[in-house]
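Here's the structure we're looking at; comments come further down.
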Amino acid sequence: MTDKLNAEERDILDQFERGELRSVPSLEGEIQAAREAARHTFNKTKRVNLRVSERDFNLAHARAREEGIPYQTLLSSVIHKYLSGRLTEKR
């Protein structure tokens, strides 16, 4: 089965086998947040046109690719988390 893994999956498996991966402190909370995000994924009600700098646009695309999601979904999630108080400034 390991011969069917792509490079990213192989890297994750290698990290797991080396014992480098750790569970998040609030696993149930993370699962619930993922479920909520999935539930709201197709709950689109309004269209928004937003202008951002080219740099931010490119960063959003790159981060979305890392996460394996469309960049619009990433931006929508960031806005939702910020407005709901779940996204806080790093200090």
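Tabulated data for the structure shown
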read-out: Checklist (1) on the phi < 0 side of the Ramachandran plot; (2) within 19 Å of the chain's Cα centre (by Cα); (3) open to solvent by less than 100 Å² (accessible area, probe 1.4 Å) applied to residue 52, failing item; value: (2)
read-out: Selection within segment 39-56 - under 16 Å from residue 77 (Cα atoms) and basic (Lys, Arg); value: 39, 44, 46, 47
read-out: Checklist (1) more than 17 Å from residue 86 (Cα to Cα); (2) under 18 Å from the mean Cα position of the chain (by Cα); (3) open to solvent by less than 90 Å² (accessible area, probe 1.4 Å) applied to residue 73, failing item; value: (1)
read-out: Condition check for residue 22: among the charged types (D, E, K, R), closer than 20 Å to residue 68 by Cβ and either open to solvent by 100 Å² or more (accessible area, probe 1.4 Å) or part of a loop (DSSP other than H, G, I, E, B) (or both); value: no
read-out: Considering residues of segment 36-63 that are in a loop (DSSP other than H, G, I, E, B) and among the basic types (Lys, Arg) only, the residue modelled with the lowest pLDDT; value: 44
read-out: Checking residue 66 against (1) exposed (fewer than 12 other Cβ atoms within 10 Å of the Cβ); (2) part of a loop (DSSP other than H, G, I, E, B); (3) out of contact with any Phe, Trp or Tyr (no Cβ under 9 Å at 6 or more places or on another chain), the condition it does not meet; value: (2)
read-out: Subset of segment 70-91 (residues that are in a loop (DSSP other than H, G, I, E, B) and either closer than 16 Å to residue 33 by Cα or touching a strand residue (DSSP E or B) at 6+ places or on another chain (Cβ under 9 Å) (or both)); value: 84, 85, 86, 87, 88
read-out: Unique residue being in contact (Cβ under 8 Å) with a residue 24 or more places away in the chain and open to solvent by less than 100 Å² (accessible area, probe 1.4 Å) when the list is 61, 80; value: 80
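One line per residue, one yes/no per condition, for (1) open to solvent by 100 Å² or more (accessible area, probe 1.4 Å); (2) basic (Lys, Arg):
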{"position": "4", "(1), (2)": "yes, yes"}
{"position": "8", "(1), (2)": "yes, no"}
{"position": "13", "(1), (2)": "no, no"}
{"position": "17", "(1), (2)": "yes, no"}
{"position": "29", "(1), (2)": "no, no"}
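The values are calculated or read from the model by the stated rules, or taken from the named source; none is laboratory data. Treat the numbers as computed from the prediction; the structure is a model and nothing was measured. Note that we place each Cβ from the backbone using ideal geometry, even for glycine, and neighbour counts take in every protein chain shown. The area values use the complete protein model at the heavy-atom level, side chains included, leaving out ligands, DNA and RNA. Shrake-Rupley method; radii C 1.70, N 1.55, O 1.52, S 1.80 Å.
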